[in-house]
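Contents: one structure, followed by commentary.
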Amino acid sequence: MVPEALAEHCRRCGSATTRQIPPGDTLPRATCPRCGAVAYDNPKIVVTCALYEGDRILFVQRAMTPYQGCWTLPSGFVESGETLGEAASREVGEETHLKVRPDRWALYGVLSLPDLDEIYIAVVAPLPGHDYAPSAEASDVRVITREEMVALDLGYPAPTVQLLVWLFEGIARGDLHEPGERLYEMRGRDPAAGDQVS
């Protein structure tokens, strides 16, 4: 996939773009000389979902690349038009068949990965039941303890494993926000933004 800022043609009118620094900006952007649209290449947003029960958290074994066969928290990219809660509920449903209402999620933390051009937003919610099952994306689903997690083949680098350990510790302490707390949503277009290509 070609990042928007490296796109050769304008998303608005289809004309060839040029690379230039727009007025008031500091980085070169794909700019359309015909209609003036500027394409911004922004990080992708990934939602990571921790469903907990007591001191245990639900993990999935990935059935697809990357990290096929490794264990991870249910996660995926937020789609255009979705709230964070909707994205979390969709991803958990796709990977585990569990149904979680979007207003049940609470913010846990944010991890910026500039080298990957991604931002991970971790959300937590109580496990809504035990009706989870493998899916096309997850070959196995388990609710595990911290000790069990450390013994698994995880699809994370060592620093991220430490973040998971802190997540387990936070859940064990009850250091969580209420469902829906600190997750806000607003629908509707920003009239000031006009037709800006983002």
Practice item. Using the structure shown, decide if Glu86 is part of a loop (DSSP other than H, G, I, E, B) and either crowded, with 18+ Cβ neighbours inside 10 Å or at pLDDT 95 or above (or both). Key: no
Exercise for review: Six or more apart or on different chains, Cβ under 7 Å: which pairs go from a residue in the stretch 127-145 that's closer than 14 Å to Gly69 by Cβ to one that's of a type in the set (Lys, Arg)? Could you list them?
Suggested key: Ala138/Arg62
Revision key, fill the gap. Arg34 passes all but one of the listed conditions (1) assigned by TED's automatic domain parsing to the domain that holds Val100; (2) basic (Lys, Arg); (3) exposed (fewer than 15 other Cβ atoms within 10 Å of the Cβ); the exception is number (1)
Study note, to complete from the structure: Within the stretch 29-62, the count of residues that are in a loop (DSSP other than H, G, I, E, B) and either within 26 Å of Asp140 (Cβ to Cβ) or touching a Pro at 6+ places or on another chain (Cβ under 8 Å) (or both) comes to 4
Exercise for review: Could you please give the count of residues in the stretch 82-102 that are in contact with a Leu (Cβ under 7 Å, 6 or more places away or on another chain) and charged (D, E, K, R)?
Suggested key: 0
Review point. Checking Thr145 against (1) of a type in the set (Val, Ile, Thr); (2) over 29 Å from Tyr40 (Cβ atoms); (3) surrounded by fewer than 16 Cβ atoms within 10 Å (Cβ to Cβ); (4) at pLDDT below 90, which test does it fail?
Key: (4)
Check your understanding: Which members of the stretch 48-85 meet the condition of being among the hydrophobic types (A, V, I, L, M, F, W, C) and within 13 Å of the chain's Cα centre (by Cα)?
Key -> Cys49, Ala50, Leu73, Phe77, Val78, Leu84
Review point. In the stretch 10-20, which residues are more than 10 Å from Val38 (Cβ to Cβ) and touching a strand residue (DSSP E or B) at 6+ places or on another chain (Cβ under 8 Å)?
Key: Arg11, Ser15, Ala16, Thr18, Arg19
Review point. Taking the stretch 145-178 on its own, how many of its residues are β-branched (Val, Ile, Thr) and over 22 Å from the mean Cα position of the chain (by Cα)?
Key: 2
Study note, to complete from the structure: Just one listed residue, out of Pro134, Pro128, is in contact with a helix residue (DSSP H, G or I) (Cβ under 8 Å, 6 or more places away or on another chain) and in a loop (DSSP other than H, G, I, E, B), and it is Pro128
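The values are calculated or read from the model by the stated rules, or taken from the named source; none is laboratory data. Since the model is a prediction, treat every value here as computed from it, not as a measurement. Cβ sites come from the backbone with ideal geometry, for glycine too, and all protein chains shown count toward neighbours.
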